[in-house]
Every structure is written in structure tokens, then in C-alpha cells.
Amino acid sequence: MLAAVYNGVNQFELAEYPLRKLDNGEVLIEVNYCGVCGTDHHIISGKAHANIPVILGHEFSGVITDKGHNVNDFQIGDKVAVDPNIYCGKCRYCRKGKVQFCENHQALGVTVDGGFAEYVIVPTSQIYLLPNNFDLSIAAFAEPLSCCLRGIEQAEIKPGDTVTIIGGGSIGLLMVQLVKLSGAAKIILVEPIESRKQIGLKLGVDIAFSPDDKNLVKSIIDYNDGGTDVAIECVGKSETVELSLKLIAKGGTIVVFGLAAKDEVIELNLQELFRNEIKIHNSFLNPFTFDAAVKLLVSGRINLNGIPTSKIQLKDIKDIFNRVDHTRIIKSQVTNKNKEE
Ligand SMILES: [Zn+2]
Ligand SMILES: [Zn+2]
């Protein structure tokens, strides 16, 4: 089958790749859509780890085309979304319910073969059944949405809170919708690109700022009479985390959601943290949130039509990683020829 194989830093090739036989409890999935994530860019440029060789792509959906032994709950032809994170269930963290820290964690598309391919082999523990008529392009958002749901858990939003989201990419725009569902009274977006601000405003943002607006901090603090109750940082840079610290109200919670490069550091004023009881939370992977993500997508409560998504054929996948202009398209999905629904 055709697959995009990662062979080491900046070595990312489209190649014929052999498919192994199915084991017990595994299914073969014909990939329809696989989202391209910031993590894929980080892996290819050497800023994040992956095994070698491996087929990248961890945000995928497709149709079951074959089953190994002992697969009784799923049928050939079923449409499914896939949680790429596989936990051992036996290590100290798994046994405490903190599976995201699993000492034997495997991830489809990072440590084992993933979705930038015509087919992928997946254990049934990872698959989530979708309705027959469901749009698989939307289903490929289940993984990023499940990660956002973990971030929302960490944000501890209470009805009536003001929430500021920093970064209006695909993650920030999913966060806007989840924050709205969580009962926020006011939603503020900080994002430099005008078209993304406009999309945010359509999806539930009340007021949008640019990071280079004059008096940005004062404007946001004034807007909520003393700061934002929750800030969700979806960029992964020290300056945006520092901005969160300037915007946060006393007793507020900051979620550092964006993945920062290894050398990003910030300075913290400890007495300010102490006096103001500022909570700084992080969010790693998607522990026990995939089911909720699928249900939110199937229910239609998350609007993906507003998020510009480009669909690129698997054979043209390298174009995505060579592209420089990210202003117009917010999300890219890789698809297989003749497999459009
Ligand atoms: Zn991802
Ligand atoms: Zn484990």
C-alpha cells in the first residue's frame, strides 16, 4: 500500500509499504481522512520524538475492511474513529487512572504505524463506532477534540466565567466552542490573523484582539473588571504564557495547552502567584475523553463547517509540509484517492 513513512529528521517519504497480517483483536481500517497536526510538523523537523521507520498520522477515521480473530463487536463496513493512544493498563500510572503517563505508552502515528496511508491496523480497544451516514472528514477531528476536552477539564470553567483563549488556530477554535458549552459568560480571543478572528466571532467569541494591539492587557482587564477567570494558551510559546499571567484574575486558572519547544522557559514572580492563588495547569493527551469527543461530533454540537479545512490527496502529502502560508487554511486533512464519501 501507499504510505508516508518517517525515516528520521527531515526524511519523510511517500513509499510502497508492506502490510503485516492481522493479530487477534485487530482490524484493518481503510483510512478516509487523517488530519495533519502540529505534532507531525514537530516530528518531521526533529522537535518531537517518533520511532523509525513509522507511518505518521494520528487523527484519522475510516472504514473497517478486515478483521483478525476474536473481533465480535465490529463488522466489516463499519465507520470508525480511532483513539491513537494505547495504554498498557499495568504500570503504576495506568493503575491509578492516570493513563496519559503510561510507562509503556504507544501511539498510532508516532511509535507504531498510523494514518498517512491507505490502510492502518488498529486494536479494537482504540476504535469508536460511528453512525453509517456520518461524515468521516468530521470524524477525523475526534482526536484533536478529545485533547481539547482534557484541556477543558483542566480549565475548571464555572458558568458565568470570563475565558480568554490565546491562539485561534484549529485548536483555539475548537476550544472556543467547548468553552461556550461549558457555560462561560464572556469569551475573549487573542489572535493576530484577521480571518481567524472573524471565524472565532462567528463561533462564539464576544471580543477578539490582536497580540500587538496597543493596551492589549489593559483592554482585556477592563473588559472583565479585573482580569479573566480562565486563560487557555493554545500557542506553545513563552510570550503567550507570560501574556496569560498578565491577564489572569486573582484565583484564576491558566491552562498551558500549546506544545512549546524544548527550550522555551518563563520567569515567574512567586509572591504574585502566592498572593493571587494563580493556578497553572497543563493538559497532556486525551485520557478518557475520546468517547465524549465522538458524542459531541455526532450530536453536531461542535461546528466544523466554519473551520476552513483543505483536503489533500495522500500522494501529494509533501505539499502540506512544504507549505509556508498558513493564514488561509486552518486545518489540513490527507485523504485517499477515490475514497471520498
Ligand atoms: Zn495531534
Ligand atoms: Zn501503563
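The values are calculated or read from the model by the stated rules, or taken from the named source; none is laboratory data. In this text the structure is predicted, and so the values were computed from the model without any measurement. Using ideal geometry, Cβ is built from the backbone for each residue, glycine included, and neighbour counts are taken over all protein chains shown.
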Being at pLDDT 95 or above, in a helix (DSSP H, G or I) and closer than 24 Å to GLY38 by Cβ, is that true of even one residue in region 262-282?
no
All-but-one check, ILE312 against (1) in contact (Cβ under 8 Å) with a residue 24 or more places away in the chain; (2) farther than 23 Å from LYS202 by Cα, failing number (1)
Criterion violated by ALA140 - all others in (1) within 16 Å of ligand 2 (Cβ to nearest atom); (2) closer than 30 Å to VAL241 by Cα satisfied:
(1)
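Per-residue answers, yes or no, for (1) more than 16 Å from ASP316 (Cα to Cα); (2) at pLDDT below 95; (3) within 16 Å of ligand 2 (Cβ to nearest atom):
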{"residue": "GLU13", "(1), (2), (3)": "no, yes, no"}
{"residue": "GLU30", "(1), (2), (3)": "yes, no, no"}
{"residue": "CYS34", "(1), (2), (3)": "no, no, no"}
{"residue": "ALA48", "(1), (2), (3)": "yes, yes, no"}
{"residue": "PHE60", "(1), (2), (3)": "yes, no, no"}
{"residue": "VAL63", "(1), (2), (3)": "yes, no, no"}
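Of everything in region 70-90, what is within 16 Å of ligand 2 (Cβ to nearest atom) and not in a loop (DSSP other than H, G, I, E, B)? Give them in sequence order.
If the condition is that a residue be within 16 Å of ligand 2 (Cβ to nearest atom) and not in a loop (DSSP other than H, G, I, E, B), then ASN85, ILE86 are the ones that fit.
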Between residues in region 37-62 that are part of a helix (DSSP H, G or I) and residues that are within 11 Å of ligand 1 (Cβ to nearest atom), which pairs lie under 6 Å by C-beta distance while being six or more apart or on different chains?
THR39/ALA48; ASP40/LEU56; HIS42/ALA48
Of residues in region 91-101 being touching a Pro at 6+ places or on another chain (Cβ under 8 Å) and outside any loop (DSSP other than H, G, I, E, B), the one farthest from ligand 1 (Cβ to nearest atom):
VAL99
